[in-house]
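The values are calculated or read from the model by the stated rules, or taken from the named source; none is laboratory data. Quantities reported herein were computed from a predicted structural model and do not represent experimental measurements. In this analysis, Cβ positions are derived from the backbone assuming ideal geometry, glycine residues included, and neighbour counts consider all displayed protein chains.
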Amino acid sequence: GQQVMQIPQYQHVQEGEDFTTYCNSSTTLSNIQWYKQRPGGHPVFLIQLVKSGEVKKQKRLTFQFGEAKKNSSLHITATQTTDVGTYFCAGGGATNKLIFGTGTLLAVQP
Amino acid sequence: EPEVTQTPSHQVTQMGQEVILRCVPISNHLYFYWYRQILGQKVEFLVSFYNNEISEKSEIFDDQFSVERPDGSNFTLKIRSTKLEDSAMYFCASRRLAGARTDTQYFGPGTRLTVL
């Protein structure tokens, strides 16, 4: 079945450093969504990318959807302690369900 | 801003017991979902529901699971005979549009199910 992998599994950075997580799907996606989950919390929608090669920015966060619509990345510039949590990509494919990636846990040291 | 709500926040049950997890999706949403997340793992799709019937289900969603929309606001997940491995966080999600694959899913806060 369809699989969505993310790397790295875990990233520890100093506050102010940049962070990137990469998402790869085994199949072509209709769209990719990114969610953030704080420890003990629920997934909170961040953004959705639909078009091949699309790039979107939200303040310090930059999201990219690959040309082949099989991969995506999230880049955070100058991390802050409020950025801690697990970042999941979730692929929307031929059906309407979301296939979540394995997640990247970000730890930010002040 | 409208939110998906779920009750209870935490449910503890004995193995073999039935549990019902409740969700109130956002009011003008048409598509509903249940996902689960075992501690420390990724979020897994269980089932989607539209127009009062199951649209799609995963291999996790076996005969022990059922979903229902008993009235105009609630959406429930029932596990008939719980197993230890059913212990997880269960998230309900809803989506506004039907048929549009690009619409956002909004997640509820989750119900933590602990099976003893």
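Quick notes on this structure:
- For the range B:31-43, taking the residues that are surrounded by fewer than 16 Cβ atoms within 10 Å (Cβ to Cβ) and touching a residue at least 12 places away in the same chain (Cβ under 8 Å), the one that is nearest to the other protein chains (Cβ to nearest Cβ) is identified as B:LEU39.
Results for (1) over 20 Å from B:GLN105 (Cα atoms); (2) outside any strand (DSSP E or B); (3) modelled with pLDDT under 95; (4) not acidic (Asp, Glu), shown as yes or no for each residue.
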position: A:GLN6; (1), (2), (3), (4): yes, no, no, yes
position: A:HIS12; (1), (2), (3), (4): yes, no, no, yes
position: A:THR21; (1), (2), (3), (4): yes, no, no, yes
position: A:LYS36; (1), (2), (3), (4): no, no, no, yes
position: A:GLY41; (1), (2), (3), (4): no, yes, yes, yes
position: A:GLN64; (1), (2), (3), (4): no, no, no, yes
position: A:SER72; (1), (2), (3), (4): no, no, no, yes
position: A:THR82; (1), (2), (3), (4): yes, yes, no, yes
position: A:THR86; (1), (2), (3), (4): no, no, no, yes
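- Residues in the range A:69-110 that are surrounded by 17 or more Cβ atoms within 10 Å (Cβ to Cβ), aliphatic (A, V, I, L, M), under 17 Å from A:GLU15 (Cα atoms) and touching a residue at least 60 places away in the same chain (Cβ under 8 Å): A:LEU105, A:LEU106, A:VAL108.
- Some residue of the range B:49-60 being more than 11 Å from chain A (Cβ to nearest Cβ), outside any loop (DSSP other than H, G, I, E, B), out of contact with any Phe, Trp or Tyr (no Cβ under 6 Å at 6 or more places or on another chain) and not aliphatic (A, V, I, L, M): yes
- Residue within the range B:68-87 that is assigned to a strand (DSSP E or B) and within 14 Å of chain A (Cβ to nearest Cβ) present: no
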